[in-house]
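I have placed the structure first, in the form of structure tokens, so that the comments after it can refer back to it.
The values are calculated or read from the model by the stated rules, or taken from the named source; none is laboratory data. The structure displayed is predicted, hence computed values, not measured ones. All Cβ positions, even for glycine, are placed from backbone atoms using ideal geometry, and neighbour counts span all protein chains on display. All accessible areas refer to the heavy atoms of the entire protein, side chains included, with ligands and DNA or RNA removed. Shrake-Rupley method; radii C 1.70, N 1.55, O 1.52, S 1.80 Å.
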Amino acid sequence: MLRFAFLEEFGATVAAISDVSDGNCGFKDPEPGAAARNRERMCAAFSVNHRDIVCGQQVHGDRIALADEPDRGRQWGAHLEPFLATDAVLTATRGLPIAMFVADCVPVFLLDPRKRVAGMVHAGREGTFSRIAAKAISAMRERCGTRPADVRAVIGPSAGPCCYEVGQEMADAFISAGFPATGRRLDLWTANAMQRLEAGLSKENIAIAGTCTICTGAFFSHRRDVSGARNMAIMML
């Protein structure tokens with residue numbers, strides 16, 4: 001697993017993403033129970049109760065939810081469903097883990113160390129295009145009093161500009177929206193960094209992991225494997 005010291009030094013108890021060595025942590029599991037055990041093992045490494053994790057039902061949209069104590073376990077515990085049609089989860093509750101599951105889509109970690117607010121954003125091609133990252137920062141400001149200049153952000157391992165090729169129509173639309181692309185290859189990393197700068201973050205407060213899930217083999221990739229396996233990104237105050 002990859003831990004993000006950039007966020008942990010500012011007060012995140014956990015900021016990490018699993019890799020292939022940790023095994024599939026998703027929900028399409030060809031071996032019954034294996035992914036659940038992998039999730040438990042990853043959580044145990046950070047002294048996190050896997051039954052406490054709060055998740056959104058990721059649909060490549062731009063809905064944002066604010067999780068509080070009554071939401072503890074949204075996915076596995078207390079018979080609570082995940083936040084419906086939600087691709088970003090924020091929390092200001094200490095000890096409440098939030099998570100996303102990705103394989104090429106961009107996991108975005110957000111932390112406001114002053115107001116003590118954390119956020120996890122699932123920014124795939126559609127989410128990036130709809131500017132979910134910028135909207136999540138706006139939600140932190142409106143719901144939690146965050147000043148964008150205080151926010152630290154990490155753009156985690158995901159499909160890189162070296163490999164992420166789409167159809168010409170999508171590439172043209174991406175470029176027309178002001179995002180970078182080379183031919184038909186989209187640069188989701190820079191596009192998400194741009195949204196943070198536009199939202200008021202300082203350049204020095206944005207870190208890009210720079211690891212491509214498609215070509216490095218270090219993380220699960222939908223483009224490479226088409227297996228349904230997922231990496232688990234987790235964050236907790």
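Quick look at the numbers
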item	result
Unmet criterion (only one of (1) open to solvent by 50 Å² or more (accessible area, probe 1.4 Å); (2) under 14 Å from the mean Cα position of the chain (by Cα)) for Leu84	(2)
Residues satisfying the stated conditions in region 140-171, i.e. under 22 Å from Thr13 (Cα atoms) and surrounded by 21 or more Cβ atoms within 10 Å (Cβ to Cβ)	Met140, Thr146, Val151, Arg152, Ala153, Val154, Ile155, Gly156, Pro157
Residues that are assigned to a helix (DSSP H, G or I) and among the hydrophobic types (A, V, I, L, M, F, W, C), drawn from region 113-168	Phe129, Ile132, Ala133, Ala134, Ala136, Ile137, Ala139, Met140, Cys144, Ala149
Selection from region 199-210 of residues that are open to solvent by less than 60 Å² (accessible area, probe 1.4 Å) and either without any contact (Cβ under 8 Å) to a residue 60 or more places away in the chain or under 14 Å from the mean Cα position of the chain (by Cα) (or both)	Ser202, Asn205, Ile206, Ala207, Ala209, Gly210
Condition check for Arg185: over 21 Å from Ala15 (Cα atoms), surrounded by fewer than 20 Cβ atoms within 10 Å (Cβ to Cβ) and of a type outside the set (A, V, I, L, M, F, W, C)	yes
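For every residue, the table says whether it meets (1) touching a residue at least 12 places away in the same chain (Cβ under 8 Å); (2) within 28 Å of Ala139 (Cα to Cα); (3) open to solvent by 80 Å² or more (accessible area, probe 1.4 Å); (4) of a type in the set (Lys, Arg).
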residue	(1), (2), (3), (4)
Asn24	yes, no, no, no
Gly33	no, no, no, no
His50	yes, yes, no, no
Ile53	yes, yes, no, no
Gln57	yes, yes, yes, no
Asp62	yes, yes, no, no
Asp71	yes, yes, no, no
